[in-house]
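Step one of this worksheet: look at the structure below.
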Amino acid sequence: MGDRGNIVVIDNEQKVFLYAHWKGCDLPDIAQRALNRGRGRWNDPAYLTRIIFCDMIGNDLKGESGYGISPFIQDNEYPLLVVNCDKQEVYAEAIGRFEIRGEGKSYSFEDFSKLQDASWRVYASSFRFAS
């Protein structure tokens, strides 16, 4: 059991998956907080990725479980939350049991950082469960 999710950071078309075992539902809020805190690093994907991961793990610096970094997706219960550094956009990407209705919505880093409600509710109208 858990609340598993992944933030995917894209840089030069390469992907890094940041995995959270217990905070899947909070990933949009975490990404928003990290983008605001890392505003000066929006053009520096390596540093921005670290800032996002640090906001994910919080004070759990020495934990042996709960978080991970991988070149491929880990266990997941939500759409992927994509932080595309190449385009400076944030969007959700359907995988597994999720399908996209239409295009889905993307936000510039600037617009995403200013959302009043950066949660999965923002994307709810774009996704449905596959049958």
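Conditions tested, residue by residue: (1) among the charged types (D, E, K, R); (2) modelled with pLDDT of 85 or more.
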| residue | (1), (2) |
| --- | --- |
| N43 | no, yes |
| V82 | no, yes |
| A92 | no, yes |
| R101 | yes, no |
| S126 | no, no |
What are the residues in the range 35-94 that are closer than 16 Å to F109 by Cα and polar (S, T, N, Q), if any? N36, N43, T49, N84, Q88
Per the filter on the range 50-75, residues under 22 Å from D11 (Cα atoms), polar (S, T, N, Q) and open to solvent by 30 Å² or more (accessible area, probe 1.4 Å) are Q74
Taking into account only those residues within the range 2-26 that are at pLDDT below 95 and open to solvent by less than 30 Å² (accessible area, probe 1.4 Å), which is farthest from the chain's Cα centre (by Cα)? G2
Conditions: (1) over 15 Å from N6 (Cα atoms); (2) modelled with pLDDT of 95 or more; (3) surrounded by fewer than 18 Cβ atoms within 10 Å (Cβ to Cβ). F109 meets all but one. Number of the miss? (3)
Can you pull out the residues in the range 15-42 that are free of Cβ contacts under 8 Å to residues at least 24 places away in the same chain and either polar (S, T, N, Q) or in contact with a strand residue (DSSP E or B) (Cβ under 6 Å, 6 or more places away or on another chain) (or both)? none
Evaluate the following for G5: is it under 19 Å from S106 (Cα atoms), in contact with a helix residue (DSSP H, G or I) (Cβ under 8 Å, 6 or more places away or on another chain) and touching a residue at least 40 places away in the same chain (Cβ under 8 Å)? yes
Please state which of the following conditions E89 fails to meet, knowing it meets all the rest: (1) surrounded by fewer than 18 Cβ atoms within 10 Å (Cβ to Cβ); (2) touching a Phe, Trp or Tyr at 6+ places or on another chain (Cβ under 6 Å). (2)
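The values are calculated or read from the model by the stated rules, or taken from the named source; none is laboratory data. Just so it is clear, the model here is predicted, and its values are computed rather than measured. Positions of Cβ are backbone-derived with ideal geometry, glycine not excepted, and every protein chain shown enters the neighbour counts. Keep in mind that these areas ignore ligands, DNA and RNA; they rest on the heavy atoms of the full protein, side chains included. Shrake-Rupley method; radii C 1.70, N 1.55, O 1.52, S 1.80 Å.
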